[in-house]
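Chemist: Pasting a structure below so you can have a look.
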Amino acid sequence: MSTYTVHAKRWAQGWELHIDGVGVTQSRSLGDAERMTRDYIETFTDHDTTSDQVIILPMVGGGLDEAVQAARDAVVSADRERHEAATQVRQVVRDMSQAGLSGRDIAHLLNVSAQRVSQLLKSPPASARLTVLEGDNRAAAKSASAPSGVANERFLTAAEVASIMSVSKMTVYRLVHSGELEAFRVGRSFRIPETAVSEYMRSAHVAV
């Protein structure tokens, strides 16, 4: 597997993509940068990039690059803090339940709904809920943290889950970050087990 580093520089019509050791191409947006990079490499080198890694390094300029990186780091940090908070709440709920407190009392103490308490008590341990795959340790992290049977699981994108549940993608992301919906992070995207969606919808069912 090869790794291609691309320095993306702004220009009038979008972004110039300077591919180290290969050449220069262009894209209208950063969202298209990886696809355009792969197309360029495959066209001019006749090399299939399917299994290769493409690293896009945007160069915003105007003194904003440091601010952009700081903001990205803040987002990652906030993500991690939300996950840690959800893990802490889940453990406290379990501890109170084992101490004999009722679901209604736990809900009152934590200022959440009884339904939310029920979901937290039914959810699997945090280590099996959200596997963050980062850098060179992605494969190892997935192997160590993924729940058993994951190889046979069907995974959905946030957009697919939003369509199934008839909600917005933002709602799906909120459920993932709060720990209510099991998910795996792969790069910058989430993948959600189909069984987790079914389980959430069953637990959220309201009898009429």
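Where a number appears in this text, it was derived from the coordinates with a stated rule and is not lab data. Predicted model, so just to flag it, every value in this text is computed and none were measured. Cβ coordinates were reconstructed from backbone atoms using ideal geometry, including for glycine residues, and neighbour counts include every protein chain displayed.
Chemist: Size of segment 62-122 along its principal axes in angstrom, Cα-based, largest extent first?
Modeler: So the three principal-axis extents are 58, 17, 17 Å.
Chemist: If amide hydrogens are placed 1.01 Å from N in the peptide plane, which non-local residues have theirs closer than 5 Å to the one on VAL186?
Modeler: ARG191
Chemist: Let me ask another. Between TYR4 and residues 5 or more places away or on another chain, which pairs have amide H atoms under 5 Å apart, with H built 1.01 Å from N, and which residues are they?
Modeler: Residues meeting the amide H criterion: GLN53, VAL54, ILE55.
Chemist: Using a 10 Å cut-off on Cβ atoms, rank the peptides 189-196, 161-168 from the highest mean neighbour count down. Mind dumping the intermediate values first?
Modeler: Working: 189-196: 17.5, 161-168: 14.8.
Descending mean neighbour count gives 189-196, 161-168.
Chemist: Only loop residues by DSSP count here, and only those with at most 16 other Cβ atoms within 10 Å; note down the trypsin sites (Lys or Arg not before Pro) in segment 1-75 that meet that.
Modeler: ARG28
Chemist: When DSSP beta bridges are limited to those with both residues in segment 3-59, what percentage is antiparallel, rounded to the nearest 5? Walk me through the numbers before you get to the answer.
Modeler: On the way: 11 of 18 bridges.
So the antiparallel bridges in segment 3-59 amount to around 60 percent.
Chemist: Which of rounded, prolate or oblate describes segment 50-95 when judged by the alpha-carbon gyration tensor and an a/c cut-off of 1.5? Show your work: numbers first, answer last.
Modeler: Values: a/c = 9.05, a/b = 1.93, b/c = 4.69.
Verdict is oblate for segment 50-95.
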